[in-house]
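Here the structure is laid out as structure tokens; the discussion comes afterwards.
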Amino acid sequence: MPPCASTRSSPRAKGPLFSFEFFPPKTDEGERNLRQALETLRALDPDYVSVTYGAGGSTRDRTVELTKWIKQDLGIEAMAQPQLRWLYA
């Protein structure tokens, strides 16, 4: 069962968890668009947001920076999510 459909409990969840997953943008313009979208989506009060590492970690730095911004500035629990095929390459 994917995390967004899980019934695991979180400190504030009384039912299924609700989350968003994003791939990190490759351009500065894409990052600006994603940041605007996240500021809008924050109103939906997700339990967490994950940002997937790009293939081979190619967007690792952008992933880390976005994840920190989501947690620190937006106040949403955030995680960087590596792809398993990247871990075993």
* Structure fact -> The FRET efficiency for ASP61 and PHE23, from their Cβ-Cβ distance with R0 = 22 Å and rounded to 0.05, is 0.95
* Within a Cβ distance under 14 Å of ARG62, other residues only, what is the Lys/Arg minus Asp/Glu net charge? -> 0
* Structure fact -> Taking a crude spin-label model, label points 7 Å out from Cα along the C-beta direction, the ASN33 to ASP73 distance in nm is 1.8
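Read-outs: derived from the displayed coordinates by stated rules, not from any lab. Here the structure is a predicted model, which means the values were calculated and not measured. When we count neighbours, we look across all protein chains shown, and the Cβ atoms used for this are built from the backbone with ideal geometry, even at glycine.
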